[in-house]
1. Please specify each residue of segment 127-143 satisfying the condition of being within 48 Å of the chain's Cα centre (by Cα) and not charged (D, E, K, R).
2. Would you pick out the residues in segment 110-126 that are free of Cβ contacts under 8 Å to residues at least 40 places away in the same chain and under 35 Å from the mean Cα position of the chain (by Cα)?
3. Output the residues belonging to segment 34-54 that are touching a residue at least 24 places away in the same chain (Cβ under 8 Å) and either more than 18 Å from Val87 (Cβ to Cβ) or surrounded by fewer than 20 Cβ atoms within 10 Å (Cβ to Cβ) (or both).
4. Quick one: would you say Arg357 is among the basic types (Lys, Arg), surrounded by fewer than 18 Cβ atoms within 10 Å (Cβ to Cβ) and modelled with pLDDT of 85 or more?
5. Is it true that some residue in segment 339-351 is at pLDDT below 85 and among the small types (Gly, Ala, Ser)?
6. Name the residues in segment 246-295 that are modelled with pLDDT of 75 or more and among the β-branched types (Val, Ile, Thr), would you?
7. In segment 265-293, what residues are of a type in the set (Ser, Thr, Tyr) and either surrounded by fewer than 15 Cβ atoms within 10 Å (Cβ to Cβ) or outside the structural domain of His345 (by TED's automatic domain parsing) (or both)?
Amino acid sequence: MFTPAPDSLVARDLARGHPVWSHAIQLLWSSWVFIIPVFDDHGYTLRWVWLTLVSYSLFLFFYAKCCTGSPRVAGWYATAMLAMSLVLMPWYPSGMTYFVFGCIMLSCGLLRPIHYGIGLLFANLVCIAEGRWLHYPWGALAWLPITTIIIGILVQFERSNARKNAELALSHAEVRRMAAFAERERIGRDLHDLLGHTLSVVALKADLAGKLIDRDPQGAQREMTEVARIARDTLSEVRATVTNMRNAVLTAELASAKVLLHADNILLATQIDEILLKPDAESALAMSLREAITNVQRHAGARYVEVRLQRDGKGVAMEIRDDGRGGELRAGNGLTGMRERLEAHGGSLELLGNGERSDRGTTLVARLPARCLA
């Protein structure tokens, strides 16, 4: 009965990683059902007890169906919640709590803001009109439109942001998919260019050796020796190509960093000089960039990051600076691995993020010697 529909509020939140019980927390606001009699002249009467037992059970059922039902069904249950609160008003002031919940859950069925706004306005006008007809004091009615409209706007804003974040996540996934597809195409082209001609030559020389083996054994031997040499050279080229494929490329890491930081509204500025590095050295520098950007995104609380890559008198220096909280930097957070990668190529890692510079974020400088240049 309460299995979430694929397009329900619960199903959408589960897809975003929210726990299934997150909507149950909102039920804490229904405690006003039990608090309102404190301010009523009649207080907690036997009639209030019976009406609460019946109405609160129905309210929980309507609320659960609003959360787990599709938008078309959820709108009707929200309307039933509103109708129940209006029917109970002559005898049960606590029912105004159901009215507030009904106004909020109405957004599950009326997805367009204009439709939701009209429904919200109409429901409040009906409630205030009935309340005045029943001689409810203005103080008990005036807070209803204020509360429902403010919460309704916040709910619409939150769901709009959730939809935009979902679209952004899909966009990032599509970019990654296209990048992976392009990389597979590049690898296919490289292997085809590398192996296609070579294998054709090997096949040709092997056929020729087969024809010469009876009438010219020495010629056949030369052809087979040439086949072995070509095979060894090709194997070396394949190994070098695979090694380069495994190495992280600095430009690709910069593109990934931009996507990662943009998702958290962090601005990334780059100043990259055209520098050719040996593949393994570039991989070490790219991995250092990846670790540094991940640390900024997770721990720094920054709003701006700047990456500079330039040559200096000693070789190559990559500086990564952020405007985050700074403070004491420990050896964890991937810093040990970054330092080890750079030191394996004769480089070093310098950290500036404490003492007099703590109010200026963190600056990381990765250096490689001139021998790492291609």
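The values are calculated or read from the model by the stated rules, or taken from the named source; none is laboratory data. Keep in mind that this is a model prediction, so the values were computed, not measured. Using ideal geometry, Cβ is built from the backbone for each residue, glycine included, and neighbour counts are taken over all protein chains shown.
1. We begin by selecting, within segment 127-143, every residue within 48 Å of the chain's Cα centre (by Cα); these are 127-131, 138-143.
Listed by number, the residues that qualify are Cys127, Ile128, Ala129, Gly131, Trp138, Gly139, Ala140, Leu141, Ala142, Trp143.
2. In the first step, residues of segment 110-126 are kept if they are free of Cβ contacts under 8 Å to residues at least 40 places away in the same chain; the result is 110, 112, 114-115, 117-122, 124-125.
Across segment 110-126, the qualifying residues are Leu110, Arg112, Ile114, His115, Gly117, Ile118, Gly119, Leu120.
3. Step one: filter segment 34-54 for residues touching a residue at least 24 places away in the same chain (Cβ under 8 Å), giving 34, 36-37, 40, 47-48, 51-52.
Answer for segment 34-54, where residues must be touching a residue at least 24 places away in the same chain (Cβ under 8 Å) and either more than 18 Å from Val87 (Cβ to Cβ) or surrounded by fewer than 20 Cβ atoms within 10 Å (Cβ to Cβ) (or both): Phe34, Ile36, Pro37, Asp40, Arg47, Leu51, Thr52.
4. Values: among the basic types (Lys, Arg): yes; surrounded by fewer than 18 Cβ atoms within 10 Å (Cβ to Cβ): yes; modelled with pLDDT of 85 or more: no.
No, not satisfied.
5. No.
6. Thr251, Val259, Ile266, Thr270, Ile272, Ile275, Ile293, Thr294
7. We begin by selecting, within segment 265-293, every residue of a type in the set (Ser, Thr, Tyr); these are 270, 283, 288.
Result: Thr270, single match.
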